[in-house]
Amino acid sequence: MTWCEVPGWLIGNEAIANYGCRMFGGLAVTLQLVAISVSLGAAMALLLALVRLYGGKVASTLVGGYTTFFRGTPLLCQLYLVYYGAGQFRPFLTDIGLWTLFRDAFFCAAFTFTLNTAAYQAEIFRGAIQSVGRGQWEAARALGLHWRGILRHIILPQAAMVALRPLGNELVIMVKSSAVASLVTIFDLMGTTRLAFARSFDLTVYLFAAVLYLCIVEVIRRTWDVAERRLTRHLQAG
Amino acid sequence: MRRIVTIAAVAAAAMLAGAGFAQAQQKEWKEVRIGTEGAYPPWNNLNSKGQLEGFEIDFGNALCEKMKVKCTWVAQDWDGIIPALLAGKYDVIMAGMNATEERAKKVDFTAVYSRTPISFIAAKSVTSTDVSPAALKGKAIGGQGSTIHANYLEKYYKDSQIKLYPTQEEANLDLKNGRLDYILADKLALIDFIEGQGKDCCKFVADIKRDPPIHGPGVAAAVRKEDTALKAMFSKAIEESIKDGTHKKIMDKYFKVNILAD
């Protein structure tokens, strides 16, 4: 017996014992998908937020349109647009050598999730940066710091404290939203659970999946508590 | 001793009463709700007006006429079609469902009303008609999740990439898009695609031999296990309609081939 069969065996449920290994495999896919898209999305979001704030009128409006679109439409709709939409433009994508990427369902999902979470995170970063008082800019400028130095050493560290909690929320939301990937043939946690249910008709597998999702979210929550304590230790008394 | 006899008598009476109650529970069916998927033409399909149509809708209505019951139709997603029956959302499933052993653990099946060929389709560029697991090693094969075809692929095509879709239409679209090399599905459900949308891209490659443990005896209506009277009613009506030609008449309206082959 391998470790992934243990939970099913422990609670004496045949379906979970039979499909436990596949479901843990699915869990790994979910974690990969979320890790890739949230981290790439974060890098993209920081750039987007800076462009939105300091990039001039045209660029700022474009970024505004981007975030409005991705925050204003369902993730499933975006995923279908990318996945099946890419299929419609196959000759063009083949010509520019991108079809091999878009042929892969995992890439399509990671791509869509990155664009989606980048929009949300950009708004979080923008709000956090704006929450740092104007006086900080003025004081730093008076000290003769270059704007890049001001951003890096004065503004962003303070913005990070404000952004931390909403970013944690966004990560949790992405973990749960990533379940839509199962609708484009990806065997993530939800995909493997649906497969297990289709074979066994045993609702317990969904309960087991829910517990697994809950565990991931709980780990994130605790990690975030630690991170927050570290980032704000200079504010804590004693 | 006397006491034991009394207890036994009471118990026997209770059991009889219980049995009587169960008999009474087998209510007389005046209204039957039939669940179907509504996304599997020409079997059952939601048309552009949002109404259900297809072979099973016509055939189901003909059965209801024979049984002199009033029938209403309910559209339900395929993945939840058995759970919703068990939850009492409707009383019968008629949705191109093959009577497999696995499903028979949860529901009872009526007499079979269709046995259809199962086929592989592929892009037109495919020249070989060999669809053995060895020939399809490493190929991307699509199917609809929670179907006998998905089970068949998982059992025999372990070395291929198997991709499962929520509906057959999505799998068809991905074959057209080139993400899939092959699709395995019910031949009749595929004819519409091959003669319509997929005319330019795709073609039939080969039929497979039915594998009884997976495919079961054929397509039948499903009822909850306790509804034995309903099951008997439907089985009788199905057998009659096959005998008196009603089945054939409706079949000819929707299919170009015999869907009740041996």
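The values are calculated or read from the model by the stated rules, or taken from the named source; none is laboratory data. What you are looking at is a predicted structure, and each value in this text was computed from that prediction instead of being measured. Cβ: placed from backbone, ideal geometry, glycine included. Neighbour counts: every protein chain shown. Just so you know, the surface numbers come from the protein's heavy atoms only, side chains and all, with ligands and any DNA or RNA stripped out. Shrake-Rupley method; radii C 1.70, N 1.55, O 1.52, S 1.80 Å.
Here is a list of conditions, (1) away from chain A (no Cβ under 14 Å); (2) touching a residue at least 60 places away in the same chain (Cβ under 8 Å), and B:Cys201 meets all of them except one; can you say which number that is?
For B:Cys201, the exception is condition (1).
Being within 11 Å of another protein chain (Cβ to nearest Cβ) and under 23 Å from the mean Cα position of the chain (by Cα) is true for just one of A:Tyr213, A:Tyr206. Which residue is that?
Answer to the selection: A:Tyr206.
Take the residues in region B:95-129 that are out of contact with any Lys or Arg (no Cβ under 7 Å at 6 or more places or on another chain) and β-branched (Val, Ile, Thr), then tell me which one is farthest from the other protein chains (Cβ to nearest Cβ).
By that ranking, first place goes to B:Thr129.
Please go through (1) more than 26 Å from B:Leu180 (Cα to Cα); (2) open to solvent by less than 10 Å² (accessible area, probe 1.4 Å); (3) among the β-branched types (Val, Ile, Thr); (4) at pLDDT 95 or above for A:Ile150 and return the number of the only condition it doesn't satisfy.
Evaluating A:Ile150 over (1) more than 26 Å from B:Leu180 (Cα to Cα); (2) open to solvent by less than 10 Å² (accessible area, probe 1.4 Å); (3) among the β-branched types (Val, Ile, Thr); (4) at pLDDT 95 or above leaves (4) as the failure.
Give me the pairs: first residue in region B:61-87 and more than 14 Å from chain A (Cβ to nearest Cβ) and assigned to a helix (DSSP H, G or I), second residue buried (at least 18 other Cβ atoms within 10 Å of the Cβ) and not aromatic (Phe, Trp, Tyr), beta-carbon distance under 6 Å, and six or more apart or on different chains, which are they?
Pairs found: B:Ala62/B:Thr246; B:Leu63/B:Ala237; B:Cys64/B:Cys71; B:Lys66/B:Ala237; B:Met67/B:Met233; B:Met67/B:Ala237.
Among the listed residues B:Thr129, B:Thr110, identify the single one that is surrounded by fewer than 17 Cβ atoms within 10 Å (Cβ to Cβ), of a type in the set (Val, Ile, Thr) and either in contact (Cβ under 8 Å) with a residue 12 or more places away in the chain or not in a strand (DSSP E or B) (or both).
Residue meeting the stated conditions: B:Thr129.
Tally time: how many residues in region A:52-76 are without any contact (Cβ under 8 Å) to a residue 12 or more places away in the chain and under 17 Å from the mean Cα position of the chain (by Cα)?
3
What about A:Val162, is it touching a helix residue (DSSP H, G or I) at 6+ places or on another chain (Cβ under 6 Å) and within 14 Å of chain B (Cβ to nearest Cβ)?
No, not satisfied.
Show the residue pairs that are 6+ apart or on different chains and have beta-carbon atoms under 7 Å apart, the first residue being within region B:182-196 and closer than 22 Å to B:Lys137 by Cα, the second being assigned to a helix (DSSP H, G or I).
B:Ile183/B:Ala171; B:Ile183/B:Asn172; B:Ile183/B:Leu175; B:Leu184/B:His149; B:Leu184/B:Tyr152; B:Leu184/B:Leu153; B:Ala185/B:His149; B:Ala185/B:Gln168
Output yes when any residue across region B:18-26 is surrounded by 10 or more Cβ atoms within 10 Å (Cβ to Cβ) and either assigned to a loop (DSSP other than H, G, I, E, B) or at pLDDT 85 or above (or both), and no when none is.
Yes - at least one qualifying residue is present in region B:18-26.
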